[in-house]
Amino acid sequence: MSYQRPYVLVYVTSSVDGKIASRTGDSRLSCPYDLRRLHRLRASLDAVMVGAGTVIADDPRLTVRYVRGRNPARVVVDGRLRSPLTARLFNDGEARTIVLTSEAGDEGKAEELRRRGVEVVVAGKGPRLSGSEILSALARLGIRSVLVEGGGDLIWSLVREGLVDEFRVTISPFIIGGAGARTAVEGEGFGEKEEWLGLTLANYFLCECGEEIHLIYRRREPTRY
């Protein structure tokens, strides 16, 4: 049976110089309006997804708290099962929680997660899962739309394969600097311009706080002659 891959929407909040966190990991860039905007999106899509590095660094809950709405399924991409068992989203029971791992993941840890009600799905040989493996696994689980909030390596795996449909960026009025600060898309990156992923600006607006700008880009369709 073939499945249609989920719609992929990436949402990041960055400094003016393109950083999503400082060299020490401080990522407090969003104003209250930006947080509500993000949570409205969470409530409107089937799933919210992050990589293991985000779970380790931020211990996110990935639930809807700043607006009224349902909690989406929470997806962690973790090819080696590095995420700590103490992570809040593995223990709070607030929403359906899925871990996509690989054949390189610790089976003992996988069984413990399953005992806690977490769905653990082996999506590839690994240890690193490709974007297509991730989306194929989500499609088989009935997920038709997914909000990707980080980290940079996960977003890169989707960008590299041309699997991002929409990319939203809130520009926050700070400059962070530093070669060691985190950016929205990491990995090895593209080389020449011919490789770059082209986007089309679909909308933009000044945030209600008066200090941030929200940009909505969609994937640029290839030019047809």
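Of the numbered criteria (1) modelled with pLDDT of 95 or more; (2) out of contact with any Gly (no Cβ under 7 Å at 6 or more places or on another chain), the one A43 fails is (2). List the pairs whose first member sits in the range 162-178 and is under 30 Å from Y7 (Cβ atoms), whose second member is crowded, with 19+ Cβ neighbours inside 10 Å and acidic (D, E), and whose Cβ atoms are under 7 Å apart, counting only residues at least 6 apart or on separate chains? Filtered contacts from the range 162-178: T170/D34; T170/E212; I171/E212; S172/E212. Filtering V185, V159, V169 for residues that are in a loop (DSSP other than H, G, I, E, B) and of a type in the set (V, I, T) leaves a single hit, V185.
The set of residues in the range 197-225 being more than 16 Å from S30 (Cα to Cα) and loosely packed, with under 14 Cβ neighbours inside 10 Å consists of G198, T200, L201, A202, N203, Y204, R220, E221, P222, T223, R224, Y225. In the set (1) touching a Leu at 6+ places or on another chain (Cβ under 8 Å); (2) charged (D, E, K, R); (3) at pLDDT below 95, the condition left unmet by D58 is number (1).
Restricting the range 83-96 to residues that are in contact with a Lys or Arg (Cβ under 9 Å, 6 or more places away or on another chain) and in a loop (DSSP other than H, G, I, E, B) leaves a set whose member that is surrounded by the most Cβ atoms within 10 Å (Cβ to Cβ) is S83.
If you filter the range 197-207 down to residues that are part of a loop (DSSP other than H, G, I, E, B) and touching a residue at least 24 places away in the same chain (Cβ under 8 Å), you find that the one that is farthest from the chain's Cα centre (by Cα) is C207.
Checked against the criterion of being farther than 24 Å from S30 by Cβ and not aliphatic (A, V, I, L, M), the candidates F167, F190 yield just one match: F190. Consider the range 46-72 and keep the residues that are in contact with a Gly (Cβ under 9 Å, 6 or more places away or on another chain) and among the small types (G, A, S). The one that is surrounded by the fewest Cβ atoms within 10 Å (Cβ to Cβ) is A57. Scanning the range 110-129 for residues that are part of a helix (DSSP H, G or I) and either in contact with a strand residue (DSSP E or B) (Cβ under 9 Å, 6 or more places away or on another chain) or β-branched (V, I, T) (or both) returns A110, E111, L113, R114. Restricting attention to the range 41-82, the residues that are assigned to a strand (DSSP E or B), in contact with a helix residue (DSSP H, G or I) (Cβ under 6 Å, 6 or more places away or on another chain) and closer than 21 Å to H214 by Cβ add up to 1.
Condition check: charged (D, E, K, R), at negative phi, surrounded by fewer than 17 Cβ atoms within 10 Å (Cβ to Cβ) and assigned to a loop (DSSP other than H, G, I, E, B). Does E194 satisfy that? When the stated conditions are applied, E194 does not pass them. Exactly one residue among G131, G126 is surrounded by 15 or more Cβ atoms within 10 Å (Cβ to Cβ), in contact with an Asp or Glu (Cβ under 7 Å, 6 or more places away or on another chain) and either at pLDDT 95 or above or among the charged types (D, E, K, R) (or both), and that residue is G131.
Filtered by the rule that a residue be modelled with pLDDT under 95 and either of a type in the set (A, V, I, L, M, F, W, C) or in contact with a strand residue (DSSP E or B) (Cβ under 6 Å, 6 or more places away or on another chain) (or both), the range 22-40 gives a lone residue, S27.
The values are calculated or read from the model by the stated rules, or taken from the named source; none is laboratory data. Since we're looking at a predicted model, the values are computed, not measured. All Cβ positions, glycine included, derive from the backbone under ideal geometry; neighbour counts span all protein chains shown.
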